[in-house]
Amino acid sequence: MASRVLSQLLFRLNRVERYQKKTGQNFNYDNLDFIHHPIPRMPQFEFFQESNIAITKNNRFSYTPAHTHDFIEFNYMYSGSCVQYINDEPIKLRQHQLLVMDRDVVQRIDYAGQKDIIINILLRDTDDFAESAGYLKNSADTVSQFLYNAAKRDSPHNNFILFDLSKNEVATKLLESLAIKGLEDTANRNELLRLIFAALMLELPGTIRRRSVSYTNPANDEFLPILRAISAEYQTVSLSELATRFGYNTNYLGDKIREMTGKSFKELIDRRRLAAAQNLMIRTSCSAAEICDIIGYKNNSSLFRLFKKYLAITPSAYKAKVSHQRLITQPLLPEVRHASRTPQN
């Protein structure tokens, strides 16, 4: 019964999906400024007006450009499949798989078609849910540690875990029940969401398929501002400038960055620039020269090498591939602007 009700809610086209399917264009319904913030941070106020947990459906017939967020996000593949990129690492998400992402990951999603239904479970205050569950802070399992770390502001937040629920019927039913209660306006909705969520967390540890986690190490706390600076200043920052600013030897800092992230300083910068360039190609009409200027390159040849190195495609070929997904520039009708939050007719 739950799946039937949920399918009716999720497969029904909402207004945004109808428009995207008809025009092949992408709505910027949050009015994000991709020129000044090529990798934008998703605003909280759209989702958490009534509760610390929000359930939405990812709009189909579009790409999801690279972005970060100040909340925890669970993506459940209810139907079909998709390719997601977490910090530019591709992850094929299949039916009944669940991906949980920390606050600062850079996420983007390839084009989603008719059958590709993604349920988004958004968590604003994980500490609040830890308290309500009553066990998370004292539990040693990976999921509990993930949520507890995510609730701490002064911690690395580039973690993700992939779960496979295909053989866990209890977890699947709990997640689908959570989605139904989140999408429908029912009595005691918030309390039911908290209870179902807590029960779901108990089922998840045995379903982990893949993880990338790095929790707070007191010895590395002093390096967190450096990693934040790389993320925020990728257009202009250099390793030598960072070393001077924070009082380190350049070679030592480069080694420490690789130790903490698994990537070199140059690769971290390259991947930020790549995500920003892709967003600008999808969401704006900027020329290659303008994109270079925005992401910190002096000439088009650097952009060419970047795309060939990481995507094995030229910038012009990539832009042609996604050109039908450019931003709609005219204002949205009021009833369309927030259609992504819940399925609508």
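Values quoted throughout were computed directly from the atomic coordinates according to the rules given, and no laboratory measurement underlies them. What you see is a predicted model, and the numbers here were worked out from it, not measured in a lab. Backbone-built Cβ (ideal geometry, glycine too); neighbour counts: all protein chains shown.
Summary table below
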item: Loop sites in region 1-73: chymotrypsin sites (Phe, Trp or Tyr not before Pro), DSSP, at most 10 other Cβ within 10 Å; result: F45
item: For region 1-101: span of alpha carbons on each principal axis (Å, largest first); result: 46, 33, 31
item: Sites F246 and R4, calculated FRET efficiency, Cβ-Cβ separation with R0 51 Å, nearest 0.05; result: 0.35
item: Fully extended contour minus Cα-Cα distance, from Y318 to F48, at 0.36 nm per residue; result: 93.7 nm
item: Net charge, R94 excluded, C-beta distance under 15 Å - Lys, Arg +1, Asp, Glu -1; result: +2
item: Total charge dipole magnitude, region 1-82, about the Cα centre, Cβ charges on Lys, Arg, Asp, Glu only, Debye to nearest 20; result: 580
item: Of the trypsin sites (Lys or Arg not before Pro) in region 1-104, those whose Cβ has at most 13 other Cβ within 10 Å and which sit in DSSP loop; result: R12
item: Calculated SAXS-style log₁₀ I(q)/I(0) at q = 0.15, 0.22 Å⁻¹ - region 179-274, Debye, Cα scatterers; result: -0.72, -1.07
item: Filtered GluC sites (Glu not before Pro), region 12-120: DSSP coil and at most 10 other beta carbons within 10 Å; result: E50
item: Local electrostatic count, K167, Cβ distance below 12 Å [Lys/Arg +1, Asp/Glu -1]; result: -2
item: Charge dipole magnitude, Cβ of K and R +1, D and E -1 - region 36-116, Cα centre, debye nearest 20; result: 340
item: Derived scalar couplings ³J(HN,Hα) [region 158-175; Karplus, 6.51 cos²θ - 1.76 cosθ + 1.60; whole Hz; x for Gly, Pro]; result: 10, 8, 8, 9, 10, 10, 10, 9, 4, 10, 10, 5, 5, 4, 4, 5, 5, 5
